Amino acid sequence: MNAPLIEHIGILVPDLEEAIERWSTVTGYTFSPIGRYRTDRYADHSDATPHHHDARISFSLEGPPRIELMEVTGDGTHGPEQLGIHHLGIQNVADPEGRRELLAEQGVAIDGCSFDADGRILLMFTDKSFLDGIRVEFISPLPGPLVADDGSPLWRDPVTGKASLWGAPTR
């Protein structure tokens, strides 16, 4: 089995605009316009019932692994007590439900899961206690609920349906 590569490193910050400025200064990286991962179908240790989740995010252009800066929201997996390195992100996990079952067989709990309208897993986080305080995020290839910071729609790839914080590619 080929191990998937880490696509990004998620870092939870108290103020996204300030963090983008600091991380750009220190690394020289360019960060995307701010977007929101906005859903009413997120479950974590703060509430196992799917609930509203609205995380402001920005990704570095440089990578992989890219840097994902995320602003604190709520009191669960993205709450203020979770500041710092939050997760290692792995994209295009074809069978997240199967991955969740395999992880459960290995004693790894999930703490944070986003679902689409049909109940399919869009993304999930392992419980941070299993990997020394860091989560692994598994992201399905399905389009997620990403919007611009003001809530307006983003450009979406016509083939995959995935939204881009960077807009349509330039030719």
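What to note about this one:
- Selection within region 131-144 - aliphatic (A, V, I, L, M) and farther than 16 Å from Ile6 by Cβ: Leu142
- For region 57-82, a tally of residues being loosely packed, with under 14 Cβ neighbours inside 10 Å, at pLDDT 95 or above and under 15 Å from the mean Cα position of the chain (by Cα) returns 0.
- Hits in region 82-108 (condition: among the hydrophobic types (A, V, I, L, M, F, W, C) and in contact with a Phe, Trp or Tyr (Cβ under 7 Å, 6 or more places away or on another chain)): Ile90, Val93, Val108
- Any hit, region 88-102, residues being of a type in the set (Val, Ile, Thr), under 26 Å from Asp150 (Cα atoms) and buried (at least 19 other Cβ atoms within 10 Å of the Cβ): no
- Scanning region 1-13 for residues that are touching a residue at least 60 places away in the same chain (Cβ under 8 Å) and out of contact with any strand residue (DSSP E or B) (no Cβ under 8 Å at 6 or more places or on another chain) returns no hits.
- Residue in region 161-168 that is surrounded by 14 or more Cβ atoms within 10 Å (Cβ to Cβ), under 18 Å from Pro33 (Cβ atoms), modelled with pLDDT under 95 and under 14 Å from the mean Cα position of the chain (by Cα) present: yes
The values are calculated or read from the model by the stated rules, or taken from the named source; none is laboratory data. Because the structure is predicted, anything quoted here is derived from the model rather than measured. Glycine also receives a Cβ, built like all others from the backbone with ideal geometry; neighbour counts cover every protein chain displayed.
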